[in-house]
Structures are given as C-alpha cells and as structure tokens.
Amino acid sequence: MTVAAPAAGTSREVEAAELEALVRLYAVYALGFLLVTLLSGVWLRSAFIWPAARAGFEFPFLVHAHSHVAFFGWVTPALFALIVRAARPPAATCIWLRWHAHLLGAASVLAFVGFLQMGYQTPTIVIASGHVALWVVFAARVMPWLRRAEAIERQYYGAALVFLLIAGAGAMAPGVVEAKTITDPWLRQSSLQLFLTPFTAGWLALGAYGAVYALLGSARFARPVWMLTVVGALPAAAAHVTVAPPHGAFELAGRLGLLLTGAATLLFAADVIAGLRLAPLARLAGIAALVKGSAEVLAALGVGAALLTSKPLIVAYLHLALLGLVTPVLLGALVAPLRAARLTALHATGLVATMIALGVMGVPGGYAWIIGMGLSAGALNVLALVGGVMSLAALGGVVLLSVASRRTLGLGPSAERAPARRGGRIEIGQPV
Ligand code: HEM
C-alpha cells in the first residue's frame, strides 16, 4: 500500500500549520504584554520625578501591575511559545492549546487592570491563582511532547517547567502567611521568595539558557550550567531574604545556592560570548549574565554584604536579570531571524544608564557624590527615566519591526534546525 505518501505529507503540513499558528498566538500575546510592561515601567520611573504622573493610582499598586504583567503576560507566554515550538505537539493538542493562549491573554489583562486598581485583594488573588492553574494545564499538556524536542531543549525546558510548577505552589505561601496573620518579618519575606526565586532563578533562567543553547547546539558548558542551576536555584531563595534568618543553616544554604547559580550564570556568559554567530540581543544577554553572575558570586562570598539590603540595588539586580538577560533572549528568539543590531545597541545604552543611576542611588555616599559634582539628587531619577525610555524605544522598535516582518514569530529556527546544525556546531544557514 503506497497510496499513503501524499496523505502523510498533507497531515504533516496541517501539523506544521497548526503548530505555527499556536506559536504565533503565544508570541503575539507575549509581545503585546512586553509593550505594556515597558510602558508601565517608564510610567513608574516618571512617577519618581512627577508624582502627578501616577494619575491617582497608588504607587505600590502600579508596581504590582507592572511586575504581574511582566511575569504573567510577557515572559511566561514567550517561553510557552518557545517550548511549544520545541515540543511540536500534534495538531489536536495545538488547536486545544489555542484556548489556553487566549485564556492566558485574558487573565493577564485582568491581572494588570486588577492590580493597578486594588493591589492584593481577593479578586486579584483569584486572578493570580487562575494563572497558576493555567501553568499547570500547560505543563500537563505539553511536557509529554517534549520527548520530541532536541535533547538540549528537552533538558532545559523540562526542568524549567518543573520550576514553574514549584513557583506556582510557592505562590500560595503568602496567602497562608496572611490567613494565619503571621507577622514574623523573616517568614513573611521567605514566603514571597518561595515564589520569586524558583520563578526567576529556575523557570526564567533555565528557559532563557535553554533558548540560547537551542541555537548554539551543544555548547561547552551547557551541561554544568543546567546542573548548577537545578541544584542551586531553590537554596538561593534564602539569600534573597534581607531579614536575618532564625538559624545559621539558612544563611549557609542561601550562600551556597547563590554561588551555584552565580557560577552557572558565568559559564552561560562564557558560552554566549564565545558563540560569535548569535544575534546581538543574545550577545547583550551574555554581557548582562557576566555582570549578574559576578555580582552573585561576590555576594555569595560575602563581598559587599551591607549592600544587599539596598532597595535601588535590589531593583537594579532584578532588572539586570529580567530586562538585561531574560527579555533580550526571549525577544531575540521570538523575532529571529531579525537581528536588530542598532536597536540592541540602544537598549544596551539605556540599560547602562539605568544601572548607573540605580547603582549610584544604592551605594553609601552616592547621593553626596552627585551633589558634590554640582548636580541635584533628582538627576539620578532623570538618568534612570532616560535609560527606561531608551529601552522602551529599542525593544518596542524590535516588536514593531517583527510585526512588520512576515518572517518572524513563526516556527523560526526550530523548523530549520536539523539541516542547520551538524555535530553541535552552527553552520551556514543558521537563521540568526
Ligand atoms: C523600560 C523598562 C522598565 C522600566 C523603566 C522598569 C521600571 C521599574 C520600576 C521603576 C519599578 C519599581 C521599583 C521600585 O519599587 O522602586 C519596577 C519594578 C519591577 N519591574 Fe520593572 N521596569 C522595566 C522593565 C521590566 C521588565 C522587562 C520586567 C520583567 C520582565 C520588569 C520586572 C519588574 C518587577 C518584577 C518589579 C517589581 C520589583 C519589586 O517588587 O520590588 N521590569 N520596574
């Protein structure tokens, strides 16, 4: 019976079309929410200079709206797009997952509007729990298909999804703390880190590293980076709690976790910097990883311990990771083969301006130094705002270019990866 050949070809085309439509759907939602994240970040920054810019919204509510749309609307659907692209589930699952993508999009709009209006209240907690439920559904439907992915993607995305589930479970901890009216500051901060650290140091870090390693093939440190991150990400949570722990073991675990994840970040940076053919956005992420990893290793060794509680430095560290490392990797992977070298340079300049401003604000004597230079203390807020506007213009520009280009937001490198890589090395024809 040889008549099956044309039908098989047709069903493969249907599978590819359904997969492409799904990847595009998650990507379009993600990019839309990236714009909201960037705009709301600039809005927040402008409120430091012109309080009236808050337009009557509470500042903490604005921060919650910005951070929730960043996590729920931007980075998570972006990684879902990349994971689905790697796992290549069958057409029926793709069609089913389209509902999931729309629900995720709708829940992200609700989260942004809800947190902006009321901060943490019962309705917004319900919306956030709905997000966690959608993560569980995604993991349950897509994880089994990861066996179809390349080994490196299976490893990284599989572990990343496990951390997403752990973060989802950890997200319930602050609710328990509130319900039991726990006032102990260490327990309160730790309950937040039970979500934040597995989410950023596990889900986002492994997802972003996996996206780059998928392009690089078998890079030199891919294996140790995975191992160090998987082992270090959970204990690192203790290092991000700024209140003294009840027992020295927590400090030791925190430092060890930070040392392991910091070392992983440095090895990842080494691979990216050596990967000369990577697109500019990924290469920028490599430089951000170098700075972030160095800071983590130094902090783990106890260097500059007094600085770890400084709010501007915490915000700088967070944005170095999220805006400097994770966002460029995910955006670059979604819009490939667009290279956007000039816009990446603009974003890099904006990031440096933001880091300098927050860095000077955060170190002891920073403000005195600025005043000694004949500038007003407010100049640092202006510099941070200028940096944010540059990043908004640059990354927003990349989004608009990709929407205008018909070659992006589809199956991208994964569709062509088999002929593009041989023996773990990038060959001519690799789209980035
Ligand atoms: C133009 C780019 C951005 C600007 C100007 C910006 C600005 C800000 C500002 C001013 C804050 C509040 C800091 C404070 O409370 O003092 C903030 C918080 C936050 N941002 Fe951004 N942001 C940007 C992009 C992003 C991106 C891309 C992400 C994630 C992918 C992100 C994630 C967060 C998170 C999680 C917080 C909450 C921090 C906390 O709770 O302490 N931001 N951002």
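I need to check one value: relative contact order of the stretch 103-249, counting alpha carbon pairs closer than 8 Å and at least 6 residues apart, in percent.
That works out to 24 percent.
Sorted by accessible area (1.4 Å probe), largest first, how do TRP369, TRP74 line up?
Reading off the accessible areas and sorting them downward yields TRP369, TRP74.
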key: For the stretch 255-290 versus the stretch 11-27, the gap between their alpha-carbon centres in whole angstrom   = 31
inquiry  = So if I take the centroid of the Cα atoms in the stretch 349-366 and the same for the stretch 68-143, what is the distance between those two points in Å?
reply    = 33
request  = Kindly state, to the nearest 0.05, the FRET efficiency for PHE57 paired with VAL386, given R0 = 25 Å and r defined as their beta-carbon distance.
outcome  = 0.65
key: Accessible-area composition of the chain, carbon plus sulfur, in percent [1.4 Å probe]   = 71
note = If each K or R counts +1 and each D or E counts -1, the residues other than LEU22 whose Cβ falls under 12 Å of its Cβ total +2
request  = List, in order, the whole-Hz ³J(HN,Hα) value for each residue of the stretch 52-64 obtained from phi through the Karplus relation with A = 6.51, B = -1.76, C = 1.60 and θ = phi - 60°; use x for Gly and Pro.
outcome  = 5, 5, 5, 6, x, 7, 5, 4, x, 5, 4, 4, 4
task = Could you work out the relative contact order of the chain, using alpha carbon pairs under 8 angstrom and six or more residues apart, expressed as a whole percent?
result = 16
remark   = Under a Gaussian network model of the chain whose springs join Cα atoms within less than 10 Å, the largest fluctuation of VAL126, VAL241, VAL389 belongs to VAL126
remark   = For TRP50 and GLU13, extending 7 Å from Cα along the Cα-Cβ vector and measuring point to point gives, in nm, a value of 5.5
message = Which of GLY210, GLY365, GLY168 ends up with the largest GNM mean-square fluctuation for the chain, with Cα atoms connected below 10 Å?
response = GLY365
ask   = Among 192-205, 143-156, 319-332, how do they line up from the highest to the lowest mean number of other beta-carbon atoms within 10 Å?
value = 319-332, 192-205, 143-156
ask   = Taking a probe of 1.4 angstrom, what is the accessible area of HIS68 in Å², to the nearest 10?
value = 20
request  = Could you work out how far the C-alpha centroid of the stretch 295-338 sits from that of the stretch 177-253, in angstrom?
outcome  = 13
key: Sum of -39500 (n - 2.57) over DSSP H runs of 4+, divided by residues of the chain (222 nm, nearest 500)   = -24000 deg cm²/dmol
Highest-first arrangement of 38-49, 289-300, where packing means the average Cβ count within 10 Å = 289-300, 38-49
remark   = Packing-ranked peptide list from 372-383, 79-90, highest mean Cβ count within 10 angstrom first, is 79-90, 372-383
task = Determine the shape class of the stretch 136-223: with a ≥ b ≥ c the square roots of the Cα gyration tensor eigenvalues, call it rounded for a/c under 1.5, and otherwise prolate if a/b is greater than b/c, oblate otherwise.
result = oblate
J(HN,Hα) series, the stretch 263-268, from Karplus relation 6.51 cos²θ - 1.76 cosθ + 1.60, nearest Hz, glycine and proline x = 5, 4, 4, 5, 5, 4
Label-point gap, in nm, between GLU178 and ARG148 - each point 7 angstrom along Cα→Cβ = 4.0
message = Contact order normalised by length for the stretch 204-331, with contacts defined as Cα pairs under 8 Å and 6 or more residues apart; what percent is it?
response = 28
task = Leaving out ligands and nucleic acids, note down the accessible area per residue over the chain with a 1.4 angstrom probe, in whole Å².
result = 44
key: Karplus (6.51, -1.76, 1.60) ³J(HN,Hα), θ = phi - 60°, over the stretch 296-307, in Hz, Gly and Pro reported as x   = 5, 5, 4, 4, 5, 7, x, 7, x, 4, 5, 7
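Please arrange SER391, SER67 by accessible surface area, largest first, computed with a 1.4 Å probe and ligands excluded.
SER67, SER391
The values are calculated or read from the model by the stated rules, or taken from the named source; none is laboratory data. What you see is a predicted model, and the numbers here were worked out from it, not measured in a lab. As a convention, Cβ positions derive from the backbone with ideal geometry for all residues, glycine included, and neighbour counts pool all protein chains shown. Please note that ligands, DNA and RNA were not included when accessible areas were found on the heavy atoms of the full protein model with its side chains. Shrake-Rupley method; radii C 1.70, N 1.55, O 1.52, S 1.80 Å.
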